[in-house]
Amino acid sequence: MEAKTAKTKAGEWRKYERVLLPPIKDLHRIDVYEANGGYKALKDAIKGEKWTPTAVTDEVKASGLRGRGGASFGCGLKWSFMPKPDGGPRYLCCNGDESEPGTFKDRQLMEYNPHLVFEGIMIACYAMSISTCYLYVRGEYADWIDQMETELAKAYAKGYVGKNILGSDFSCELIIHKGAGAYICGEETSLMESLEGKRAYPRIKPPFPAQYGVFGRPTTINNVETLACVPLILERGASWYAGLGAAKHPGPVLYGISGHVNRPGVYEYPTGMLITDLIEEVARGVRGGKKVKAVVPGGSSTPPLRADMIDGVTMDVESLREAGSMMGTAGMLVMDEDTDMVSWLRRVTHFYHHESCGQCTPCREGTGWLEDIVSRIERGEGRVRDLDLLADLCSQMEGRTVCALADAAAWPVRYTIDRFRDEFVARCRPSHVAVPALPESELEEAET
Amino acid sequence: MPKVRIDNETYEFEGRPKLLQFCLDIGVELPHFCYHPSMSVPANCRQCLVRVGTPARDRGTGEMQVDEAGNPVIQYFPKLQTSCSLEITDGMVVETHRSSEEVAGAQKDNLEFLLINHPLDCPICDQAGHCPLQIQAYKYGPEGSRFEFDKVHKPKHIRLGPRVVLDGERCINCTRCTRYTSEVSGSHQLTIIERGVRNYPMTPPGTEFDEPYSMNVIDICPVGALTSADFRFKARIWEMSKTPSITVANAKGSNCYYWVKDNLVMKVTPRQNMDVNEYWLADEDRLDYERFNKDRPAGPMINGSAAGWDAAYGEAARLLSSVDPSEVLFIGSPFATVEDNYLLTKLADSLGSPAPQYIRHVEIGKGDDWLITDEKAPNHQGCERLGMSEIDAEIAAARIQTGEIKLVYVLEEDPVVAGVLSASDMDAVKVILHPYNVTNETLHGANVVLPAATIVETVGTFVNIDGHAQRVRPAKAIRGVNRTLVMEMGESRADRHGTPFDRWHNETNLVDCQPGWVSLPEVAERLDIEMAYKGPRQVMEEVAGTVDAFQGATYEAMGLEGVRLMEIGAAV
Ligand SMILES: Cc1cc2nc3c(=O)[nH]c(=O)nc-3n(C[C@H](O)[C@H](O)[C@H](O)COP(=O)(O)O)c2cc1C
Ligand code: SF4
Ligand code: SF4
Ligand code: FES
């Protein structure tokens, strides 16, 4: 198959051994986690001579770790934005709100390897001299929240979290906070407002969280998966991490594959996997032997790629940008040849309409209008000119709002129509209706 | 000094101003909705977008890059910026809708969005005519709409509290009202509920929006979503004339506009004065206007029967000369102007009577540390500064009962209610009264009634609790011709002679009353006392020139915002 001959940056991925979600039974239990080398990185960091806070940050920088929450921002660089400690409180927020459609990978970590997340959090706090972390988890993950609470209590009891961690003078609290069912709470500034007990309206930036975050204090926000990588980086070294997968976007990634594939699920592989490998081999191909029609690589807001656009494309920032999409959360949605793209887009516009916080005008009004128009097209009542209107509305929303939800709502509309235009045109009535010629008899009458 | 270029004009600036406020200050209009100078900047309406660039600097050296012609190279932000939240920096270059099509287009786009779910019921909306959304949509918005769907429906005419009514559909979700309750009044009584396009402000379950400053949200709401339960549908904005003045429900002297139609005060709104009330009014100030419209006297009276002004003045003079000056008790008024109280003092002095005293109106605990004072009369400071002392009701009542006092001369005031006079005394003692309203209980027994012009019908000065001297101006006409009042009304009304819909010159609702600076000299003249002033302006000039506690308080100096007088202690 073509996919197998194409160049992959993921190297010998078929022999890859999982590190984020290793196949160890009951790893979520602290004793099992410890027995498998857990909390060793934290011990080294806090106790060893080698790891000053700056050294930890430098190591993370050197690893090339990029955020897994969607924007793929350099993690070490983000940490270095924190101002010097001034004696006042500073915060880390671990973002487990995971609500972008097609994204369900943080849940795996919280369910199967929560201590890796806790350990990552503690190391990050150590590196940034932070003494409080909020782990903000979407409320729907109630079962995993309960389980994490139980495990966290054990981590507290064993001195991995809390006062004087492992007998050192580093203390750090970890608080698990339940969201209440709003996608927008995953947006970092909205998350902070929500933590403060306020309505989760995103804040304008500047000031950035590192200057003015939760309760007005310096704050860093990282995704669950991002922080889970941190203990691994310390344990195995930045060069190990940097050498894994795509050079400019390295490391292990949890690919959440869903849609019309035979084996949907969360798969851990290095970055830089060929999309075709992920579909054909990892997810065991498209259901019923059908052809792929479209792939949304990283959550519903990332532009969909047509089947003819995915050959040779790998899952990393660089390759996906060239292909015309984004890495996002690596939550990959595969759609087969029978998929109605109009219907799919209608469902996506509905989501963003429903989830817009309503704070700013273009997003509040635009998201609903997009859904109205796409729904009309789906019903067969749209007109071809609606497609131009949709493009116009996207331009009126993109880059003009407080947070990126409006962009996230506009991109799928713009690119789905762009890339599947024929399908949309076929559903629309023509904008111009030809005037039928008068019958001969009437013409003659008119002349006389 | 650092400079900023806006639409190809260079301006100097100081400090760290935000771009929108700076533009407004220099007279460059930028459309906006959510921004309010007294509150935090959420930049949520997205209307104030502009294109902004800053001088490019060399990454290594930090030096400004220049082009071949030696001009700094400008690097534009890739996205349009909200001017309300953007801090100006030296060398910044700004393009507004006046010089950039992109900006004009973006502003138009935003207004298109704002209007798609707006009910566009301007024909029945109280805000129409002074609605920022309406005005800015006409100025900067698109023609027509491309929206062809059902608008979102939200709850309408919801009573948020006793005084404020919400129309959820008109709301554009600027959060000014909720920010007001959390940042300005501090009541936290409003929050936005629901999300997305279903957003609107609401009170927490089981609570009411009943704070004493609730009605301010009506003015700051940039659309007609928040309306006054009191004023709803009473008048259109263009039917009313608007006069800058002050409120008199307490001693704060909050600056306001009186909105008048056909010589009836329809509503009271705040007028900005950063030294007194900033942008705000207490609800009690706004709702304190019915007494200007209702229960007004029908004209002068002598012993309970209607009389002409001339006869009434004559009778007042006759009564005054019929008793020994020492037997007259003059009662000044903290409801009346400094000018009128001064003339009363002068009258007493010329007759050789003891100086007037005044009745204090204090309701302990009613005030707060903002715009509501315990003091319920607007001008006790003016009385004090004129050297009047507070009356001791018990002593005064005793002196009346013993016959020591034979005549009581009262500016607007109610000595019966104050306990100075009892109904039974009224046969023995003569009473001359200048009342505002027929609800005045002293009126029934008064021998001479000389109806007085209220604060909305006169010209004069009030001194607030902090010693701020401010002018009042006639907002409505009185019966009879008074050149001073007519001139003042024409000059001071924000809309000059009023709107054509305000029939202020018709007889309807004109009250037959006179300002004290007309009636007091009339009485004095009949007693051969010299009191010839050209009008209140001249009276105040004399006061400012002769009474230390009023130094500098001329009409010119007071203007629209008043002057701060010296502390009483320091002056006297
Ligand atoms: C509308 C919106 C929703 C978001 N939801 C999430 C989320 O559920 N989880 C998440 O980790 N990041 C989410 N993000 C991204 C965060 O704002 C932030 O960039 C991220 O948590 C930073 O972590 P990272 O640097 O480790 O990726 C969202 C962003 C937007 C604009
Ligand atoms: S872009 Fe949308 S979600 Fe983000 S702040 Fe504005 S209205 Fe809220
Ligand atoms: S009711 Fe008025 S002030 Fe309040 S959010 Fe809506 S538009 Fe803004
Ligand atoms: S005034 Fe609303 S965004 Fe600037």
Any hit, segment A:207-222, residues being of a type in the set (S, T, Y), surrounded by 21 or more Cβ atoms within 10 Å (Cβ to Cβ) and within 15 Å of ligand 2 (Cβ to nearest atom): no
Residues that are small (G, A, S) and without any contact (Cβ under 8 Å) to a residue 40 or more places away in the chain, drawn from segment A:106-162: A:A142, A:A153, A:A157, A:G159, A:G162
Lone unmet requirement of (1) under 28 Å from B:I193 (Cα atoms); (2) away from chain B (no Cβ under 14 Å) for A:L393: (2)
Test: residue in segment B:465-473 that is part of a strand (DSSP E or B), basic (K, R) and closer than 18 Å to B:I331 by Cα: no
Among the residues listed as A:R263, A:R306, A:R287, the single one being at pLDDT 95 or above, touching an Asp or Glu at 6+ places or on another chain (Cβ under 7 Å) and either open to solvent by 10 Å² or more (accessible area, probe 1.4 Å) or in the same structural domain as A:R107 (by TED's automatic domain parsing) (or both): A:R287
Unique residue being under 30 Å from B:A355 (Cα atoms) and more than 16 Å from ligand 3 (Cβ to nearest atom) when the list is B:D262, B:D310, B:D285: B:D310
Some residue of segment B:98-110 being in contact with a Phe, Trp or Tyr (Cβ under 9 Å, 6 or more places away or on another chain), away from ligand 3 (no atom under 16 Å from the Cβ) and closer than 29 Å to B:M274 by Cα: no
Residue ranges of strands (runs of 3 or more DSSP E) in segment B:154-244 with at least 3 members open to solvent by 10 Å² or more (accessible area, probe 1.4 Å) and either near ligand 3 (Cβ under 10 Å from one of its atoms) or not β-branched (V, I, T) (or both): none
Residue in segment B:55-78 that is farthest from ligand 3 (Cβ to nearest atom), counting only those that are within 14 Å of chain A (Cβ to nearest Cβ) and in contact with a strand residue (DSSP E or B) (Cβ under 9 Å, 6 or more places away or on another chain): B:Y76
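Just name the residue that is nearest to the other protein chains (Cβ to nearest Cβ) out of those in segment B:79-90 that are surrounded by fewer than 17 Cβ atoms within 10 Å (Cβ to Cβ) and more than 34 Å from the chain's Cα centre (by Cα).
We begin by selecting, within segment B:79-90, every residue surrounded by fewer than 17 Cβ atoms within 10 Å (Cβ to Cβ); these are B:79, B:87, B:89-90.
Next, only the ones that are more than 34 Å from the chain's Cα centre (by Cα) stay: B:79, B:89-90.
Details: B:K79: 4, B:T89: 12, B:D90: 17 Å.
By that ranking, first place goes to B:K79.
Just to check your reading of the model, which residue among B:E556, B:E542, B:E491, B:E507 is under 18 Å from the mean Cα position of the chain (by Cα) and either over 22 Å from B:N293 (Cα atoms) or part of a loop (DSSP other than H, G, I, E, B) (or both)? Spell out the reasoning first.
Numbers: B:E556 fails: under 18 Å from the mean Cα position of the chain (by Cα); B:E542 fails: under 18 Å from the mean Cα position of the chain (by Cα); B:E507 fails: under 18 Å from the mean Cα position of the chain (by Cα).
On inspection, the qualifying residue turns out to be B:E491.
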Qualifying helices (runs of 4 or more DSSP H) (wholly inside segment A:1-89; at least 2 residues being surrounded by fewer than 19 Cβ atoms within 10 Å (Cβ to Cβ) and either among the β-branched types (V, I, T) or in the same structural domain as A:A124 (by TED's automatic domain parsing) (or both)): A:30-35, A:40-47, A:53-63, A:75-80
Index of the failed condition, A:I184 passing every other in (1) in a loop (DSSP other than H, G, I, E, B); (2) in contact (Cβ under 8 Å) with a residue 12 or more places away in the chain; (3) under 22 Å from B:I192 (Cβ atoms): (1)
Residue within segment A:425-435 that is out of contact with any strand residue (DSSP E or B) (no Cβ under 9 Å at 6 or more places or on another chain) and touching a residue at least 12 places away in the same chain (Cβ under 8 Å) present: yes
Complete set of residues in segment A:349-362 that are open to solvent by less than 10 Å² (accessible area, probe 1.4 Å) and either more than 7 Å from chain B (Cβ to nearest Cβ) or assigned to a strand (DSSP E or B) (or both): A:T349, A:Y352
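Might you check whether a residue that is exposed (fewer than 15 other Cβ atoms within 10 Å of the Cβ), closer than 20 Å to A:R203 by Cα and within 16 Å of ligand 3 (Cβ to nearest atom) occurs anywhere in segment B:41-50?
No - not one qualifying residue is present in segment B:41-50.
The values are calculated or read from the model by the stated rules, or taken from the named source; none is laboratory data. Just so it is clear, the structure is predicted and the values come from calculations on it, not from any experiment. In this analysis, Cβ positions are derived from the backbone assuming ideal geometry, glycine residues included, and neighbour counts consider all displayed protein chains. To get the accessible areas, we keep the full protein, side chains included, count just its heavy atoms, and leave off ligands, DNA and RNA. Shrake-Rupley method; radii C 1.70, N 1.55, O 1.52, S 1.80 Å.
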